[in-house]
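Peer 1: I have a structure here, written as structure tokens, and I will follow up with some questions on it.
The values are calculated or read from the model by the stated rules, or taken from the named source; none is laboratory data. Everything quoted here is computed from the prediction, not taken from an experiment. Note: ideal-geometry Cβ built from the backbone for every residue, glycine included; neighbour counts use all protein chains shown. Areas reflect the complete protein model, heavy atoms only, side chains present, ligands, DNA and RNA absent. Shrake-Rupley method; radii C 1.70, N 1.55, O 1.52, S 1.80 Å.
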Amino acid sequence: MKKKILLFISMLACTALQAQNAYINKVYDFCPAPGQNVNTMPQYNAGDTKESILERVNDTLCKESAGMISLGGYGGYVVFGFDHRVENQTGKMDFEVLGNAFFSTASASTNRRGGSSEPGIILVSQDTNGNGLPDDEWYEIAGSEYNKPETIHDYEITYYRPDENKTKTPDGNFLSDTTYVRWTDNHGGKGYVYKNTFHSQSYWPQWLSDSTLTFRGTRLADNYVDQSGNGSYYVLYCYDYGYADNVPNDDSLAYINIDWAVDSNGHPAHLDGIDFVKVYTAVNQYCGWIGETSTEVAGAVDLHLKGQSIDDPTTRIYLPSISSVHDSITGLFDLTGRKVALPVAGRLYLVKSNGKTRKVIWK
């Protein structure tokens, strides 16, 4: 009898382990801000409701080879969870949100990596009340820009539903309507989400009846440069670490450490793991004919269940003065190992000096 009981317990344990999936298990909410890929990623069909769109987002993201959704302009978001608690392993990267960022050769001559980087803020949460829903406290992953003076916390933006039949205001440079979706923010800012000639569908989520959409969160500084000087070629530069769709998926700085999570006052959250993730577009910028900057999400993965043990490159940071390392520097590199000629104040680097390699926030 004891053998049978032990066998039964062993079978239950094996079943529980098999049930754990490294990828997204369920999408709980999805609300894009207006943007050029809204109503196409995922596809909106006449008569769709929020429930049917959410089902389509689940079908897109809840698998290993996930498809991709667009979050639209600033604030547009998606909320998803795993079928287990993603463990916070000390000094290790814990999970990754996948996107479609890429680097271009146009940035090779600078000390910044760029191409198409459309960063999204990442929030995490634990199922503290045990009801299986993402309705507990959210904690922001404090990426490299969190404490920068140009980062705006408590940012709020409101978009106003457009009149699709209004008189359009084209600019003759691939923009079919430069006064399409109006927006205002809580810092006195105002403007429009333009419509371009490459995407003619409505940019307003058609399954929603709301006349306005309001989003709140942290806004990062604009990350684009008009490389051409005439609006024909834009480069979107990545931030150092801690964001979704910021660097290519195989880049070492695409990974996230749960230890970076902070509460609403900016204090470390000290989470032992997370059950839910929220991602929202983190910048409010428009880049001419290539459109608004919109975070794309193409799934997420628990790195530990995938058997990946990746050290956090931002831990154990050494904070010297410039003079303490400058004279004896034999090499200065970014966190990917790329040599840097002109360091930027406030950024994190690997410094080889006095026979040692140290992580340095440049002053």
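Peer 1: State which residue is nearest to Ala142 (Cα to Cα) when the search covers only the stretch 188-218 and only residues that are open to solvent by 50 Å² or more (accessible area, probe 1.4 Å), part of a strand (DSSP E or B) and out of contact with any Lys or Arg (no Cβ under 8 Å at 6 or more places or on another chain).
Peer 2: For the stretch 188-218, the residue satisfying everything is Arg216.
Peer 1: Can you find a residue in the stretch 276-289 that is surrounded by 23 or more Cβ atoms within 10 Å (Cβ to Cβ) and in contact with a helix residue (DSSP H, G or I) (Cβ under 8 Å, 6 or more places away or on another chain)?
Peer 2: Within the stretch 276-289, none of the residues are surrounded by 23 or more Cβ atoms within 10 Å (Cβ to Cβ) and in contact with a helix residue (DSSP H, G or I) (Cβ under 8 Å, 6 or more places away or on another chain).
Peer 1: Scan the stretch 221-238 residue by residue and report those that are assigned to a loop (DSSP other than H, G, I, E, B) and touching a Ser or Thr at 6+ places or on another chain (Cβ under 7 Å).
Peer 2: Once the filter is applied, which keeps residues that are assigned to a loop (DSSP other than H, G, I, E, B) and touching a Ser or Thr at 6+ places or on another chain (Cβ under 7 Å), the stretch 221-238 yields Ala221, Asn223, Cys238.
Peer 1: Condition (residue is surrounded by fewer than 18 Cβ atoms within 10 Å (Cβ to Cβ), among the β-branched types (Val, Ile, Thr) and modelled with pLDDT under 95) applied to the stretch 11-28: is it met by at least one residue?
Peer 2: Among the residues of the stretch 11-28, at least one is surrounded by fewer than 18 Cβ atoms within 10 Å (Cβ to Cβ), among the β-branched types (Val, Ile, Thr) and modelled with pLDDT under 95, which makes the answer yes.
Peer 1: Hey, does the stretch 237-250 have a residue that's over 15 Å from the mean Cα position of the chain (by Cα) and either open to solvent by less than 10 Å² (accessible area, probe 1.4 Å) or among the small types (Gly, Ala, Ser) (or both)?
Peer 2: Within the stretch 237-250, not a single residue is over 15 Å from the mean Cα position of the chain (by Cα) and either open to solvent by less than 10 Å² (accessible area, probe 1.4 Å) or among the small types (Gly, Ala, Ser) (or both).
Peer 1: Same structure, new question: How many residues does the stretch 219-228 hold that are of a type in the set (D, E, K, R) and either without any contact (Cβ under 8 Å) to a residue 40 or more places away in the chain or over 30 Å from Trp138 (Cα atoms) (or both)?
Peer 2: Counting residues in the stretch 219-228 that are of a type in the set (D, E, K, R) and either without any contact (Cβ under 8 Å) to a residue 40 or more places away in the chain or over 30 Å from Trp138 (Cα atoms) (or both) gives 1.
Peer 1: Determine, yes or no, whether Val79 is at pLDDT 95 or above, of a type in the set (A, V, I, L, M) and assigned to a strand (DSSP E or B).
Peer 2: Yes; evaluated as a whole, the condition is true for this residue.
Peer 1: Right, here's the next one. Looking only at the stretch 339-359, filter to residues that are in a strand (DSSP E or B) and not hydroxyl-bearing (Ser, Thr, Tyr); which one of those is modelled with the highest pLDDT?
Peer 2: Applying the filter and picking the extreme gives Lys339.
Peer 1: Here's something else I'd like to know. Please enumerate the residues belonging to the stretch 57-72 that are buried (at least 19 other Cβ atoms within 10 Å of the Cβ) and assigned to a helix (DSSP H, G or I).
Peer 2: Once the filter is applied, which keeps residues that are buried (at least 19 other Cβ atoms within 10 Å of the Cβ) and assigned to a helix (DSSP H, G or I), the stretch 57-72 yields Val57, Thr60, Leu61.
Peer 1: Of all residues in the stretch 148-163, which are in contact (Cβ under 8 Å) with a residue 40 or more places away in the chain, open to solvent by 30 Å² or more (accessible area, probe 1.4 Å) and in a loop (DSSP other than H, G, I, E, B)?
Peer 2: If the condition is that a residue be in contact (Cβ under 8 Å) with a residue 40 or more places away in the chain, open to solvent by 30 Å² or more (accessible area, probe 1.4 Å) and in a loop (DSSP other than H, G, I, E, B), then Lys148, Glu150, Arg161 are the ones that fit.
Peer 1: Can you work out which of the residues in the stretch 171-187 that are open to solvent by 70 Å² or more (accessible area, probe 1.4 Å) and at pLDDT 95 or above is farthest from Ile122 (Cα to Cα)?
Peer 2: This residue is Arg182.
Peer 1: Residues Gly231, Gly188: which one is under 30 Å from Arg113 (Cβ atoms) and free of Cβ contacts under 8 Å to residues at least 60 places away in the same chain?
Peer 2: Gly231
Peer 1: So Thr90 ticks every box in (1) part of a strand (DSSP E or B); (2) β-branched (Val, Ile, Thr); (3) more than 19 Å from the chain's Cα centre (by Cα); (4) under 29 Å from Phe333 (Cα atoms) but one. Which box is left unticked?
Peer 2: (1)
Peer 1: Here is a list: Val38, Val78, Val97, Val86. Which entry is among the β-branched types (Val, Ile, Thr), in contact (Cβ under 8 Å) with a residue 60 or more places away in the chain and touching a Lys or Arg at 6+ places or on another chain (Cβ under 8 Å)?
Peer 2: The unique qualifying residue is Val78.
Peer 1: I would also like to ask the following. Against the condition loosely packed, with under 14 Cβ neighbours inside 10 Å and not in a helix (DSSP H, G or I), how does Glu137 come out, does it pass?
Peer 2: yes
Peer 1: Evaluate the following for Pro320: is it modelled with pLDDT of 75 or more and outside any strand (DSSP E or B)?
Peer 2: no
Peer 1: Right, next: Return yes when Gly114 is of a type outside the set (Ser, Thr, Tyr), out of contact with any Leu (no Cβ under 7 Å at 6 or more places or on another chain), open to solvent by less than 30 Å² (accessible area, probe 1.4 Å) and under 26 Å from Asp250 (Cβ atoms) and no when it is not.
Peer 2: It is false that Gly114 is of a type outside the set (Ser, Thr, Tyr), out of contact with any Leu (no Cβ under 7 Å at 6 or more places or on another chain), open to solvent by less than 30 Å² (accessible area, probe 1.4 Å) and under 26 Å from Asp250 (Cβ atoms).
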